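One structure is given here, and the rest of the page talks about it.
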Amino acid sequence: MTTTTSTPQPCDTIVFNGHLLDPHASPEPSADGAIAISGAEIVAVGTSQAIRSEWIAPKHIDARGGVISPGFIDAHVHLSGYLAAAARYVEPVGEGLFSGGSNVREIVPFVAEMTAMTLPPELTATVLRPAFAAMLKSGITSVVDAGSSGHDGIVQAANEMGIRAAIGPSLADSWHDDDGVVIRQVESGPLLDAAEAWLTDNVSTEGLVSGLISAVETIACSDELLAGIAQLGEAFDVPIHIHSHITEPSDRAHIDVYGRTATARLRDSGFLSQRCVAMHVGNAKKADIDAFSETGVTVNHNALGNAMLGFATSQHQAIPAMIEAGIPIVLGSDFAPSMVATPFESMRAALAMHREAVGTDNALSLEQAIAMATNSGVAVGRPGRVGRLEVGQLADVVVIDTAGIHHLGDRHPIPSVALRARPNDVRTVIVNGDIVVEDGDFTAIDEYEVLESGQAMLASMR
Ligand SMILES: [Zn+2]
């Protein structure tokens, strides 16, 4: 769609001469696409010739026949987990802490306590600046914190680095005692009051950082806490995220404790809605999928993290079934303690995992993988405003170069992005209308200084 006027209109930035990436449509591929950006928004989309005759801008970015893509998302990172990078590497003996979806009895108390820690903002911010820099350089423009401590430092680092982030308190009031029995450990009222205070101070409808409120796991929340989180989500108009339906053993453990399925409790507490992002969902059965589909839930899938941690969730084939049911899926890494994942790694992990699990090479299409990696709206609390190259969308845009030797073959934008692109191909990254990376380098950040400070902070923690 373009605006037709006789005199050119002013805008801030024109990106031209590229394939516009749209996984939902399959137009005749053309390298003649362009967009115009004014302030934080995309104001026009069309051919290079039309955009350049109808708009004038002080800044023109030539995509050189590559791909102009909506920004990518990492919809699931425990950002304070990067502090664990302070630990020296030793070759592991036996299974890791989170292996196999982990033992519910051990992991729920651990995570509940981890997300309730107090961390000095400067500590978290200094370690997270290089992590955000690495995400941005690989084309990630949106990141969702799935439960961390040190929120104030995370907000600070996201604003300093120029990445869109959704962050907020992660709550739990029930976990296992020493005998392995799930009991109420803390009152939900003060937890909800503290979350409300944080959201009051931090939720904004503008800017890069938006609020969310999340739950550690369905098993770790009383009915009152689930209902309270749902009400706060409504009151502040922010997403509500919950780890749920992770593995078969975690779902069984939930039924043992509450006598009902996680889906039944989530539905009865008012948690399932269009603002809900159910995280993981490796073990959804037909009743769960029907409930998610009817209530408009978005599901977050973490192919790379699940595979690397040996969750063995793809055997249930829940993700292909939920795509079939029309449930929006948004891709995350859930791999914060050990690496900064790129969107290309996450998409290829999803493709490999589901095709292998189902045993066909059409179990997940390239278009579906790209849609999962760019579908950031609900997850970052900006539903309908990010994730597509359309007029009125917030300008989170990535230019991917396809001239490299590894792009041998048809330069159709779908295989170029889903199969061939590498982080070094990311030439330009625009977040909220601001050019953060240009020609592969940060415009306003010294990435080596940011890395040195982060490394020094980690070293001081050893
Ligand atoms: Zn998680």
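Laboratory data are not the source of any read-out in this text; all were calculated from the coordinates shown. Everything numeric in this text was worked out from a predicted model, so none of it was measured. Cβ: placed from backbone, ideal geometry, glycine included. Neighbour counts: every protein chain shown.
Roughly what percent of Cα-Cα pairs across the chain reach past 38 Å?
Values: 22413 of 106491 pairs.
Cα-Cα pairs in the chain separated by more than 38 Å: 21 percent.
Sorted by mean Cβ packing within 10 Å, highest first, what order do the peptides 122-135, 219-232 take?
Details: 122-135: 23.4, 219-232: 21.7.
By packing density, highest mean first, the sequence is 122-135, 219-232.
Which of rounded, prolate or oblate describes region 316-379 when judged by the alpha-carbon gyration tensor and an a/c cut-off of 1.5? Working shown, then result.
Numbers: a/c = 1.83, a/b = 1.27, b/c = 1.44.
It comes out oblate by the Cα gyration axes.
Please give the peptides 275-281, 403-409 ranked by average Cβ packing (other Cβ atoms within 10 Å per residue), highest first, as a rough proxy for protection. Display every interim value, and only then the final one.
Details: 275-281: 26.7, 403-409: 11.1.
Taking the mean over residues of other Cβ atoms within 10 Å, the ranking is 275-281, 403-409.
Compute the Cα gyration tensor for region 398-462, then decide on rounded, prolate or oblate, letting a ≥ b ≥ c be the square roots of its eigenvalues: rounded whenever a/c is under 1.5, prolate when a/b is larger than b/c in the other cases, and oblate in all that remain. Walk me through the intermediate numbers first.
Working: a/c = 3.24, a/b = 1.97, b/c = 1.64.
Cα axes put region 398-462 in the prolate bin.
Any idea how far the Cα center of region 107-165 sits from the one of region 202-271, in Å?
Taking the Cα centre of region 202-271 as reference, the centre of region 107-165 is 20 Å away.
Along the charge dipole of region 72-374, pointing to its positive end and built from +1/-1 on Cβ of Lys, Arg, Asp and Glu, which listed residue (Ile167, Ser214, His280) has its Cα farthest out?
His280
Tilt of helix 151-161 relative to the longest C-alpha principal axis of the chain, in degrees (0 to 90, nearest 10)?
So the inclination is approximately 10 degrees.
Which percent of Cα pairs goes in each bin when the distances of region 108-180 are cut into 5 angstrom slices starting at zero?
3, 17, 23, 21, 14, 10, 6, 4, 2, 0
Could you work out how far helix 104-114 tilts from the main Cα principal axis of the chain, as a 0 to 90 degree angle to the nearest 10?
Around 60 degrees separate the two axes.
I need the semi-axes of the equivalent ellipsoid of region 292-406: take the C-alpha gyration tensor, multiply each eigenvalue by 5, square-root it, list largest first in whole angstrom. Intermediate values should be presented prior to the final figure.
Details: eigenvalues 101, 75, 43 Å².
Here the semi-axes work out to 22, 19, 15 Å.
Could you order peptides 361-367, 302-308 by the average number of other Cβ atoms within 10 Å of their residues, highest first?
On the way: 361-367: 16.0, 302-308: 24.7.
So the order, starting with the most tightly packed, is 302-308, 361-367.
Relative to the compact globular guide of 2.2 N^0.38 Å, what is the alpha carbon radius of gyration of region 63-210, as a ratio?
Numbers: Rg = 17.7 Å, N = 148, 2.2 N^0.38 = 14.7 Å.
Relative to the rule-of-thumb radius for its length, region 63-210 sits at 1.20.
Taking Cα centroids, how far is region 11-50 from region 374-433 in Å?
Taking the Cα centre of region 374-433 as reference, the centre of region 11-50 is 12 Å away.
Find the Cα radius of gyration of region 272-313, compare it with 2.2 N^0.38 Å by division, and give the number to two decimals. Intermediate results must be reported in sequence, preceding the final value.
Values: Rg = 11.3 Å, N = 42, 2.2 N^0.38 = 9.1 Å.
In units of the globular-protein estimate, region 272-313 measures up at 1.24.
Please pull out the direction-averaged projected area of region 203-298, using the convex hull of its alpha-carbon atoms, in nm² to one decimal place. Each step should come with its number before you reach the end.
Details: hull surface 23.7 nm².
For region 203-298, the mean projected area of the Cα convex hull comes to 5.9 nm².
Remind me, relative contact order of the chain in percent, using alpha carbon pairs under 8 angstrom and six or more residues apart?
Values: 1058 pairs, mean separation 96.1, N = 462.
Computed over the chain, the figure is 21 percent.
On each of the three principal axes of the Cα atoms of region 24-136, give max minus min coordinate, whole Å, ordered largest first.
If we take the Cα atoms of region 24-136, the spans are 61, 35, 26 Å.
Would you work out the charge dipole size for the chain about its Cα centre, treating the Cβ of every Lys and Arg as +1 and the Cβ of every Asp and Glu as -1, and quote it to the nearest 20 debye? All intermediate terms of the calculation are to be shown ahead of the outcome.
Values: 26 positive and 56 negative charges, 177 e Å.
Rounded to the nearest 20 debye, it is 840 debye.
Where a ≥ b ≥ c are the square roots of the eigenvalues of the C-alpha gyration tensor, would you call region 232-365 rounded, which needs a/c under 1.5, or, failing that, prolate if a/b is larger than b/c, or oblate? Numbers along the way, then the final one.
Details: a/c = 1.58, a/b = 1.41, b/c = 1.12.
Prolate is the answer for region 232-365, as a/c is 1.5 or above and a/b outweighs b/c.
Which angle from 0 to 90°, rounded to the nearest 10, does the C-alpha axis of helix 121-137 make with the longest principal axis of the chain?
Helix 121-137 and the main axis of the chain meet at about 50 degrees.
Taking +1 at the Cβ of each Lys and Arg and -1 at the Cβ of each Asp and Glu, which of Val299, Ala262, Ile327 sits farthest along the dipole of region 262-417 towards its positive end, judged by Cα position relative to the Cα centre?
So the residue we want is Ala262.
Just to confirm the filter: which GluC sites (Glu not before Pro) across region 36-115 are DSSP coil and have at most 15 other Cβ within 10 angstrom of their Cβ? Can you show the working numbers first?
Working: sites: Glu41, Glu54, Glu95, Glu106, Glu113; in loops: Glu95.
Hits after loop and neighbour filter: Glu95.
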